[in-house]
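Structure first, commentary second.
The values are calculated or read from the model by the stated rules, or taken from the named source; none is laboratory data. Just so we're clear, the structure is a prediction, and the values are computed from it rather than from any experiment. In this analysis, Cβ positions are derived from the backbone assuming ideal geometry, glycine residues included, and neighbour counts consider all displayed protein chains. For the accessible areas, the whole protein counts, side chains as well, though only heavy atoms, and no ligand, DNA or RNA atoms are used. Shrake-Rupley method; radii C 1.70, N 1.55, O 1.52, S 1.80 Å.
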Amino acid sequence: MKMRSFFTKIIFILVAAVMLCACSAKKAPDKGQEYIGIVSAMDNEIAYLLSEAEIDHVDTIGKVEYHVGKLCGQPVVISRSGIGKVLAASGATAMLNNYNIKNVIFTGIAGGVGDETKVLDEVIAERLVQHDYGMISNDGFSWSGTGSMGDLGDEGYYYCDEELVNKAYDAAVSVVGKEHVFKGTIATGDQFVASEEYVKKLSDDFGAIACEMEGASVAAVCYQYDIPFVIIRAMSDKADGNAYESVENMGDIAANNSGKIVFAMLLQ
Ligand code: ADE
C-alpha cells in the first residue's frame, strides 16, 4: 500500500514537471503564419498599438521584444528596436529572419525639415536616404551615400512600396486631416538634429521634409530582403535649436498619432 502511494506521488511529480516545462517553454515563431511587421525605435512609439492589440506572446531575440498577436484582426509582430541605425537594422533583420513577414510598417516621430512641415504634422516617406554616410576629409564631410558597390539603394535612396505609401497617406488623412499630411523624402542619420544650419542642409542637399534616426536603415534591410515597407513619422519638433524641448513636450502626442495612423491603416 505504502509502495503504491510512493509511486503515485512520483508519477504526479513527473506529470507536474512535464506540464510546467511545456507551459514555460518559449513558443517557437510560426513560420507558416504571415505577419505585418510593425517596427519602432522607442517605447512611446508602440504604446498605443500595444494597448489596442491582442498579444498572444512575446519573444525576446537579441534583447529585443517581439510582441506577436493581432491588431484589427490582422496578425502582427510589433517591436521596439532601440534608437539609431544599427539597432533598427539589427531589430528588423531579426524580425525578418524569425517570422514570415509580408510587409513592414515603421511608426515613430521625426524632426520636420523645411518650411512645409509643422510640429504634429505627418510625413509618409516615399524614399529614404542616409544623410550621414560619407567621408570626413581635411575639407570636412562629403556625402557618398550612393555607395561604391551598388548596395545602397537607388543612387543612395530607398523607395517605399507605393501601395503601402498610399494606404498610409489615406490613413493619416483620416486621423489628422489632409492639410497635416505630406509625402516625401526622409533623411536618416545617427544624430539627433537640433541645428538650423544642418536642417537647412538636409532640405537643400536631399530635398528632405523630415529627419530621423532609423528609417533608412530599416529600408535598407527591407530592400535587401525584398520586403515591401513604408515609414510613417509624426513631427515632434523642427530639428532646430528648440528640438529637444519640443520632443519633451510633443513627443508622446506625436508618437501616439503615428500609432493611430498604423491602426487606421490596418482597418482599411
Ligand atoms: N526624431 C525626432 N526628432 C528628431 C530630430 N530632430 N533629429 C533626429 N531624430 C529625431
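Can residue 251 be described as near the ligand (Cβ under 8 Å from one of its atoms) and at pLDDT 95 or above? If you could, list the steps in order and put the result at the bottom.
Values: near the ligand (Cβ under 8 Å from one of its atoms): yes; at pLDDT 95 or above: yes.
Spelling it out, residue 251 is indeed near the ligand (Cβ under 8 Å from one of its atoms) and at pLDDT 95 or above.
Residue under question is residue 48, and the condition is that it be of a type outside the set (A, V, I, L, M), in contact with a Ser or Thr (Cβ under 7 Å, 6 or more places away or on another chain), over 15 Å from residue 103 (Cα atoms) and open to solvent by less than 60 Å² (accessible area, probe 1.4 Å); does it hold?
When the stated conditions are applied, residue 48 does not pass them.
Considering 178, 167, which residue is of a type in the set (D, E, K, R) and touching a residue at least 24 places away in the same chain (Cβ under 8 Å)? Step through it out loud before you land on a result.
Numbers: 178 fails: touching a residue at least 24 places away in the same chain (Cβ under 8 Å).
Sole residue among the options that is of a type in the set (D, E, K, R) and touching a residue at least 24 places away in the same chain (Cβ under 8 Å): 167.
Out of all the residues in the range 75-113, which are open to solvent by 10 Å² or more (accessible area, probe 1.4 Å) and within 13 Å of the ligand (Cβ to nearest atom)?
Correct list: 83, 85, 109.
Residue-wise test of (1) of a type outside the set (Val, Ile, Thr); (2) out of contact with any Cys (no Cβ under 6 Å at 6 or more places or on another chain); (3) modelled with pLDDT of 95 or more.
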position	(1), (2), (3)
152	yes, yes, no
171	yes, yes, yes
181	no, yes, yes
190	yes, yes, yes
206	yes, yes, yes
222	yes, yes, yes
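Please work out if residue 204 is of a type in the set (Asp, Glu), farther than 25 Å from residue 90 by Cα and touching a residue at least 24 places away in the same chain (Cβ under 8 Å).
Values: of a type in the set (Asp, Glu): yes; farther than 25 Å from residue 90 by Cα: yes; touching a residue at least 24 places away in the same chain (Cβ under 8 Å): no.
Here the answer is no, as residue 204 does not meet what is asked.
In the range 129-148, how many residues are part of a loop (DSSP other than H, G, I, E, B), at pLDDT 95 or above and within 23 Å of the chain's Cα centre (by Cα)? Step through it out loud before you land on a result.
Restricting attention to the range 129-148, the residues satisfying the condition of being part of a loop (DSSP other than H, G, I, E, B) are 131-133, 138-139, 144-148.
Now drop any that are not at pLDDT 95 or above, which leaves 131-133, 138-139.
Checking which are within 23 Å of the chain's Cα centre (by Cα) leaves us with 131-133.
Final tally of qualifying residues: 3.
Counting just the residues of the range 220-233 that are touching a strand residue (DSSP E or B) at 6+ places or on another chain (Cβ under 7 Å) and farther than 18 Å from residue 191 by Cβ, which one comes out surrounded by the most Cβ atoms within 10 Å (Cβ to Cβ)?
Of all residues in the range 220-233, those touching a strand residue (DSSP E or B) at 6+ places or on another chain (Cβ under 7 Å) come to 220, 222-223, 227-233.
Add one more test, that the residue is farther than 18 Å from residue 191 by Cβ, and what stays is 222-223, 227-230, 232.
On the way: 222: 26, 223: 18, 227: 18, 228: 16, 229: 27, 230: 27, 232: 29.
This residue is 232.
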